[in-house]
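Let me begin by presenting the structure, written as structure tokens, before commenting on it.
Just so it is clear, none of the values below were taken in a lab; they were calculated from the coordinates. Since the structure is predicted, the reported quantities are computational estimates derived from the model, not experimental observations. Here the Cβ is made from the backbone with ideal geometry for all residues, glycine too, and neighbour counts use every protein chain on show.
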Amino acid sequence: EDQVTQSPEALRLQEGESSSLNCSYTVSGLRGLFWYRQDPGKGPEFLFTLYSAGEEKEKERLKATLTKKESFLHITAPKPEDSATYLCAVQARNTDKLIFGTGTRLQVFP
Amino acid sequence: DAGVIQSPRHEVTEMGQEVTLRCKPISGHNSLFWYRQTMMRGLELLIYFNNNVPIDDSGMPEDRFSAKMPNASFSTLKIQPSEPRDSAVYFCASSLVGANYEQYFGPGTRLTVT
């Protein structure tokens, strides 16, 4: 069964304190791994898609990486506006469905 | 582009009443997804359509839930009769399947059934 596990559930950082969020997955033939950001009261906002092990993508203070078993979302020198829940999802090759993890709630304090 | 549009944004109803949620996908997208989000279960896929045809409804909790997509620019999710355990945030998302598969979400409908 396709599955996604995210850790930690919650993370509190001081502004400027870099860290990483983990997404472990099992899927029968990966088509893509997706990262989303969700702010309270809003829908998930697309960040990145990773397709193969070794691939990396960056956007401002965020960098996503992918291995055959997990993905990391690295946050460098975070700011309070980076506070949100970060969701990871996988898609198998034989479907258009996304299987989501339960997310990591990130709080960045000034 | 206006993005995915959902209505209403908030719905409060009494148990036993019919509830209809509406979604307008991004123009040009060929797939539409309905999700439900709760604190306990996270984000769960209910049903999705490709080219207006339902492909996978295995996430629909029971026969009280039904979804339609009469054309490429409109979909509905109906709950009849509603129950308190249906209280959740319902999201609609659309994507261009066959291209990049990225799904773009609407702002959601917060449903409260009393």
Going by how many other Cβ atoms sit within 10 Å of their own, how do B:TYR101, A:TYR86, B:TYR35 line up, fewest first?
B:TYR101, A:TYR86, B:TYR35
Expressed as a whole percent, how much of the Cα-Cα distance distribution for segment A:22-71 exceeds 14 Å?
52
Set the Förster radius R0 to 25 Å, insert the Cβ-Cβ distance between B:THR76 and A:THR95 as r into 1/(1 + (r/R0)^6), and round the FRET efficiency to 0.05.
0.60
Let me check against my output: what whole-number percent is the relative contact order of chain A, with C-alpha pairs under 8 Å and at least 6 apart?
37
How would segment A:70-110 be classified by its alpha-carbon gyration tensor: rounded, prolate or oblate, with rounded meaning a/c under 1.5 and the a/b versus b/c comparison settling the rest?
prolate
Sum up the charges of everything whose Cβ sits under 14 Å from the Cβ of A:GLU56, counting Lys and Arg as +1 and Asp and Glu as -1, but leave A:GLU56 out.
0
Kindly give Rg over Rh for chain B, based on alpha-carbon atoms, with the Kirkwood expression for the hydrodynamic radius.
0.95
For each of B:MET60, B:MET40, B:MET69, count neighbouring Cβ atoms within 10 Å of the residue's Cβ, then give the residues from fewest to most.
B:MET40, B:MET60, B:MET69
Taking the beta-carbon count within 10 Å as an exposure proxy, list B:HIS10, B:HIS29 from fewest neighbours to most.
B:HIS10, B:HIS29
Residue farthest toward the positive end of the dipole of the protein assembly as shown, with Cβ of Lys/Arg at +1 and Asp/Glu at -1: which of A:LEU21, B:THR13, B:ASN30?
B:ASN30
Relative contact order for chain B: what percent, with Cα pairs under 8 Å and sequence separation of 6 or more?
37
Mind checking segment A:33-68 for GluC sites (Glu not before Pro) that DSSP puts in a loop (not H, G, I, E or B) and that have at most 13 other Cβ atoms within 10 Å?
A:GLU60
Bin width 10 Å, origin at 0, all Cα-Cα pairs of chain A: what percent of pairs per bin?
16, 50, 29, 6, 0
Taking only the alpha-carbon positions of the protein assembly as shown as identical scatterers, the Debye log10 I(q)/I(0) at q = 0.14, 0.16 Å⁻¹ comes out as -0.88, -1.11
Where Cα atoms sit under 18 Å apart: lysine pairs in chain A separated by 8 or more or lying on different chains
4
Give, in nm to one decimal, the length gained when the segment between B:ASP56 and B:GLU83 is fully stretched (0.36 nm per residue of separation minus the Cα-Cα distance).
7.4 nm
GNM, chain B, Cα, under 10 Å: largest mean-square fluctuation among B:ASN100, B:ASN51, B:ASN30?
B:ASN100
